[in-house]
Amino acid sequence: MARPAVLLERPDAGRVEPARLAVRIGIRIDSRANAARVQELQEAGTLAPGCHRAGPVEIELAIEPAPGRSAALILSASVRNTSERPVQVDALILGFTWTRHGVSSLRTLRHGWQSWSVTEGRPLDDVGEPPFPSGPWLGGMFRAVGESPPDRAGWHESELVTVVGASPTGPACLVGVYERGETFGIIHTRMDPTARGLGARVDVGARVGPGARLDADVAIEVELRLEVPLAPGATRRADAVRIALGADATRLLEDYAEAYGRAASARTQAPFQAGWCSWYHFFHDVTEDDVLRNLDALVGARGELPIDVVQLDDGYQRAIGDWLETNPKFPRGLAPIAAAIRGAGFTAGLWTAPFCVAPDSQVAGAHGDWLLRQGDRPFRGLHHAMWTPEGWIHVLDASQPAVLEHLEQVFRTLAGMGFSYQKLDFLYTEAMQAEARDQGVSRAQRLRRGLEAVRRGCGESAFLLGCGCPLGPAVGIVDGMRIGPDVAPSWHVDQPVVIPGLAGTHPSTRNGVRNTLARAFMHRRLWLNDPDCLMVRATATKLTRAEAATLGAAIAVTGGMVIFSDDVPVLDEASRALVRDTTALSREADAGKARVLDVLGAEIATAALAKSGDAVLVALINGSDTPRRATLDLHTLGVPVRTAPLVRVLGSASPAIAGNGVLEAELGAHESVIVRLPAAPPLAVFCDFDGTFAVQDVGSTLAKRYAAERRPAQLERLARGELIPWEYNLEILDRLPVSQAATDAFLRTVELDPGARALIELCESRGLPFRILSDGFDRNLEELQRIHGVRFEYDANRLWFEDDRWRIAAVHLNPACGCGTGNCKRSRIGIYRAAHPGTRTVHIGNGRVSDRCGALAADLAFAKGTLAEALAEEGAPFERFDTLHDVVRVLRRELESLGSGA
Ligand code: 9PG
């Protein structure tokens with residue numbers, strides 16, 4: 001069989017090959033939209049650019065390289081009904097395989113549909129997504145499709161985006177949809193049982209061994225859910241899909257979010273948000289007095305609790321859907337609340353569930369025809385016992401222009417009262433599988449249009465926070481997004497009834513921390529992440545201080561919004577300190593760049609970092625239920641740091657850094673710690689002196705001149721291995737009877753390399769440490785600096801004049817290294833590297849005796865002369881240079897690529 005074309009390839013991450021292109025056509029068994037339906041799968045052949053027939057439709061597919069330098073493709077598809085009858089297009093399916101990646105044990109990111117849906121790393125096992133045990137309606141609150149098609153059994157499922165790859169780093173393949181409110185993308189993955197020569201069942205782990213294949217195929221299929229009827233001749237465009245290969249899953253996710261955000265005009269520029277919210281202490285019982293008391297307390301604590309937003313949550317409204325009317329707990333209505341908050345110098349925030357309406361609301365009573373339907377009755381978006389006596393909540397149908405006008409009007413009124421921060425909740429209800437008046441408006445489009453109407457009403461300058469929101473359609477409309485389930489004053493889910501299949505989405509601190517870390521890559525690329533409220537109270541909580549600090553640590557190190565939700569007047573000093581510390585650290589992380597390490601490795605990520613000015617915050621997180629010794633090799637941070645001073649800034653564990661650059665801490669169950677380390681420069685340059693920085697070799701010239709008769713014999717002993725290089729030096733140079741004046745006269749003839757000054761200038765201007773490593777002598781280097789008017793730091797052997805003779809002493813003999821020189825360059829570079837994990841070390845040299853061990857120790861070696869010969873013989877990588885100008889050119893290029901984060 002001919003090999004299929006390769007779509008995408010990267011030497012360190014395998015390749016992507018096309019598989020099938022198909023479409024799901026829905027056939028309704030009766031006339032109701034949500035009534036029983038069967039689906040027919042129509043294959044359109046192999047995934048390839050161009051036009052493909054699939055039963056009654058044609059699929060047009062374009063495949064283009066993604067802009068930029070990464071190994072990524074963009075697939076854009078549209079579907080056209082070429083038949084004479086309407087066709088229900090449920091989904092387009094784009095299939096491919098990821099292969100030859102060399103990974104034996106793969107993991108995958110399960111990304112959830114909406115804010116509260118589970119997002120975590122999982123093994124790519126044969127089981128796939130477990131069947132949802134509580135029925136399609138409940139399933140449909142947390143997943144784009146309440147019940148997966150039967151042919152998806154055994155596949156893993158992820159919504160919007162997934163990465164499959166090695167943990168902690170290594171080859172990875174990302175597939176992500178640039179959802180713009182046309183479709184919902186679901187990505188299915190599994191070990192490919194049809195992979196060449198692998199048989200029906202794949203046990204990848206078992207095939208690891210000498211000569212074993214490590215390149216099992218992963219089958220990946222993206223389903224772009226349209227679920228719209230197409231009239232004869234009509235065309236529909238699906239949202240675009242990105243496929244990317246790389247060597248680090250987190251970076252692939254960051255690149256995806258960056259490119260997606262740009263393509264979708266994401267709103268990422270709002271200032272850092274810190275605030276107070278009424279929900280997690282007062283819940284539905286909140287009163288006007290509670291809000292005003294807390295407002296007073298916040299005014300009193302302004303210096304100490306530096307927040308901007310005061311947000312009233314659920315509990316003020318007369319009925320769900322009637323957002324402009326308050327219940328008796330807010331006798332003066334909403335406007336005075338906004339005025340009081342603003343008057344106190346805060347931003348006034350308000351909670352609503354814009355698409356939800358209770359049956360007993362005025363809006364539902366007056367406009368029964370505005371609701372999404374399910375057959376002959378209004379659709380039920382959720383059951384909420386606190387909201388209405390029967391508990392059922394209906395949903396406004398945003399496919400209707402009148403509904404959009406109503407939404408716009410409501411939010412214009414709220415904005416007019418002074419609420420410039422809107423927490424928009426239960427947004428998923430709009431996008432559930434229900435019957436809309438205009439069936440041609442897809443579920444994603446309904447949500448998008450509804451949100452656009454809210455934005456029009458609120459105005460451009462308002463801060464909109466999505467909550468319970470399917471993520472994709474909101475990009476470009478909201479400024480902030482809840483990225484996890486509700487937190488609670490307990491680590492684990494603590495409620496009387498846990499709904500089967502929903503334990504991961506029920507309120508708990510653990511569930512919040514898990515999502516906060518797993519979705520950190522979205523922050524400031526798609527919006528500002530809202531990790532949900534910090535819980536700092538010391539009473540009426542089952543959280544230990546350590547657990548509360550873990551929530552704080554996850555919020556802080558990912559740089560998201562910091563909202564706390566405790567009764568301010570009763571907070572003790574430790575609780576206030578946690579608010580203060582979390583806010584200050586998160587503000588810092590937000591201004592820099594935050595990164596969670598190893599997103600695939602565990603359900604709850606174990607380490608994260610944030611660059612912050614000239615420091616780096618590093619978090620070690622133990623989300624597990626047992627104590628553990630957390631370790632993190634600082635060389636794997638991807639950011640250069642110094643190992644001292646190490647300052648703990650959150651948590652109470654006592655971390656330390658071992659000599660090999662590994663950060664360690666004993667963490668109790670659910671305990672975390674954040675430390676601050678100084679940032680280190682990206683490169684550190686070590687340069688040989690004699691013959692490299694200076695043209696002539698001082699020592700050997702003096703030896704030739706003043707020890708001519710002894711020299712040949714000693715050189716022979718050196719060559720035979722009877723002397724090590726330092727012993728040879730002792731034989732030749734120690735007690736050499738040459739006057740200081742004669743030596744200095746010779747030194748005045750020594751020239752510097754033509755690029756020597758440019759190299760020092762480059763290092764100075766970019767803050768790169770520059771150090772001469774010389775097996776020559778300190779006195780000569782001092783003298784030559786004076787002669788040439790240059791300054792540099794150096795390590796060199798000692799030379800002094802005593803009793804009319806020169807005396808020498810070695811400073812850094814290292815018997816463990818074979819170099820035998822007085823100043824072992826390998827160990828000098830090794831010492832630097834251990835104290836500066838992540839800094840790339842550079843060595844420049846020309847001689848095989850004293851420079852070889854330095855060149856081999858460095859990350860980047862420049863060589864000429866006998867050093868270049870020696871390295872070439874050994875097959876060691878190096879950059880050849882002639883003068884130091886060549887080195888300067890390459891280092892500039894290197895800095896550019898490091899600076900771009902590639
Ligand atoms: C107000 C709350 C808070 C909170 C929101 C949201 O699945 N559920 O039944 C469910 C109920 C409430 C809930 C989330 C899920 O909380 O996340 O911050 O605003 O509404 O009612």
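Per-structure values
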quantity: Criterion violated by Leu762 - all others in (1) part of a helix (DSSP H, G or I); (2) surrounded by fewer than 17 Cβ atoms within 10 Å (Cβ to Cβ) satisfied; calculated: (2)
quantity: Ala338 being in a helix (DSSP H, G or I), among the small types (Gly, Ala, Ser), out of contact with any Asp or Glu (no Cβ under 9 Å at 6 or more places or on another chain) and open to solvent by less than 60 Å² (accessible area, probe 1.4 Å); calculated: yes
quantity: Breaking point among (1) in contact (Cβ under 8 Å) with a residue 60 or more places away in the chain; (2) surrounded by fewer than 22 Cβ atoms within 10 Å (Cβ to Cβ), for Ala540; calculated: (1)
quantity: Failed item, numbered, when Gln311 is tested on (1) in contact with a Lys or Arg (Cβ under 8 Å, 6 or more places away or on another chain); (2) part of a strand (DSSP E or B); (3) away from the ligand (no atom under 16 Å from the Cβ); calculated: (3)
quantity: Within segment 134-180, tally of residues that are more than 16 Å from the ligand (Cβ to nearest atom), assigned to a loop (DSSP other than H, G, I, E, B) and more than 26 Å from the chain's Cα centre (by Cα); calculated: 6
quantity: Every pair of residues 6+ apart whose Cβ atoms lie under 9 Å, when the first sits in segment 711-724 and is farther than 19 Å from Leu736 by Cβ while the second is basic (Lys, Arg); calculated: none
quantity: Residue, nearest to the ligand (Cβ to nearest atom), within segment 348-362, restricted to residues that are touching an Asp or Glu at 6+ places or on another chain (Cβ under 6 Å) and open to solvent by less than 30 Å² (accessible area, probe 1.4 Å); calculated: Trp351
quantity: Residue match in segment 170-192 (condition: open to solvent by 20 Å² or more (accessible area, probe 1.4 Å) and under 24 Å from Thr606 (Cβ atoms)); calculated: yes
quantity: Single unsatisfied condition, Trp98 versus (1) surrounded by fewer than 19 Cβ atoms within 10 Å (Cβ to Cβ); (2) under 16 Å from Gly176 (Cα atoms); calculated: (1)
quantity: Single match in Leu451, Leu465 (criterion: within 16 Å of the ligand (Cβ to nearest atom) and in contact (Cβ under 8 Å) with a residue 12 or more places away in the chain); calculated: Leu465
quantity: Count of residues meeting criterion [of a type outside the set (A, V, I, L, M, F, W, C), more than 16 Å from the ligand (Cβ to nearest atom) and either in a strand (DSSP E or B) or within 16 Å of Ser361 (Cβ to Cβ) (or both)] in segment 376-405; calculated: 4
quantity: Test: residue in segment 256-278 that is within 16 Å of the ligand (Cβ to nearest atom) and without any contact (Cβ under 8 Å) to a residue 40 or more places away in the chain; calculated: no
quantity: Unmet criterion (only one of (1) outside any loop (DSSP other than H, G, I, E, B); (2) of a type in the set (D, E, K, R); (3) over 16 Å from Asp425 (Cα atoms)) for Arg446; calculated: (3)
quantity: Segment 595-633: number of residues that are open to solvent by 30 Å² or more (accessible area, probe 1.4 Å), closer than 16 Å to Phe521 by Cα and part of a strand (DSSP E or B); calculated: 2
quantity: Residue check, Ala861 without any contact (Cβ under 8 Å) to a residue 24 or more places away in the chain, of a type outside the set (Val, Ile, Thr) and more than 27 Å from Gly638 (Cα to Cα); calculated: no
quantity: Matching option when the condition is more than 15 Å from the ligand (Cβ to nearest atom), part of a helix (DSSP H, G or I) and modelled with pLDDT of 95 or more, among Gly457, Gly476; calculated: Gly457
quantity: Number of the exception - Leu372 against (1) surrounded by fewer than 23 Cβ atoms within 10 Å (Cβ to Cβ); (2) under 16 Å from Ala434 (Cβ atoms); (3) touching a residue at least 12 places away in the same chain (Cβ under 8 Å); (4) more than 16 Å from the ligand (Cβ to nearest atom); calculated: (1)
quantity: In segment 415-443, residue surrounded by the most Cβ atoms within 10 Å (Cβ to Cβ) [restricted to those that are away from the ligand (no atom under 16 Å from the Cβ) and part of a helix (DSSP H, G or I)]; calculated: Arg443
quantity: Odd one out for Gln495 among (1) open to solvent by 10 Å² or more (accessible area, probe 1.4 Å); (2) over 24 Å from Leu312 (Cβ atoms); (3) away from the ligand (no atom under 15 Å from the Cβ); calculated: (3)
quantity: Top-ranked residue in segment 785-807 [being open to solvent by less than 40 Å² (accessible area, probe 1.4 Å) and hydrophobic (A, V, I, L, M, F, W, C); ranked as nearest to Pro725 (Cα to Cα)]; calculated: Ala796
quantity: Among the candidates Ala554, Ala549, residue that is touching a Gly at 6+ places or on another chain (Cβ under 6 Å) and either closer than 20 Å to Ser612 by Cα or assigned to a helix (DSSP H, G or I) (or both); calculated: Ala549
quantity: Gly512 vs. criteria in contact (Cβ under 8 Å) with a residue 60 or more places away in the chain, in contact with a helix residue (DSSP H, G or I) (Cβ under 8 Å, 6 or more places away or on another chain) and within 16 Å of the ligand (Cβ to nearest atom); calculated: no
quantity: Segment 137-150, subset modelled with pLDDT of 95 or more and farther than 14 Å from Val222 by Cα, residue most open to solvent (accessible area, probe 1.4 Å); calculated: Trp137
quantity: Given (1) open to solvent by 30 Å² or more (accessible area, probe 1.4 Å); (2) in contact with a His (Cβ under 9 Å, 6 or more places away or on another chain), number of the condition Gly721 does not satisfy; calculated: (2)
quantity: All positions within segment 767-817 that are small (Gly, Ala, Ser) and in contact with a strand residue (DSSP E or B) (Cβ under 8 Å, 6 or more places away or on another chain); calculated: Ser774, Gly776, Ala796, Ala809, Ala810
quantity: Cross-chain or 6+ apart pairs with Cβ under 6 Å, segment 485-503 first and under 21 Å from Trp113 (Cα atoms), then of a type in the set (Phe, Trp, Tyr) and near the ligand (Cβ under 10 Å from one of its atoms); calculated: Pro485/Trp116
quantity: Flag for Arg267 being basic (Lys, Arg), open to solvent by 20 Å² or more (accessible area, probe 1.4 Å), over 30 Å from Arg15 (Cβ atoms) and in a helix (DSSP H, G or I); calculated: no
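One line per residue, one yes/no per condition, for (1) touching a Leu at 6+ places or on another chain (Cβ under 9 Å); (2) hydrophobic (A, V, I, L, M, F, W, C); (3) farther than 23 Å from Cys824 by Cα:
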position	(1), (2), (3)
Ala713	no, yes, yes
Ala719	no, yes, no
Asp734	no, no, no
Thr749	no, no, yes
Pro769	yes, no, no
Ser774	yes, no, no
Asn780	yes, no, no
Arg786	no, no, yes
Arg791	no, no, no
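The values are calculated or read from the model by the stated rules, or taken from the named source; none is laboratory data. This is a predicted model, so every value here is computed, not measured. No Cβ is skipped: glycine too gets one built from the backbone with ideal geometry, and neighbour counts run over all protein chains shown. SASA here: full protein model, heavy atoms, side chains in, ligands and nucleic acids out. Shrake-Rupley method; radii C 1.70, N 1.55, O 1.52, S 1.80 Å.
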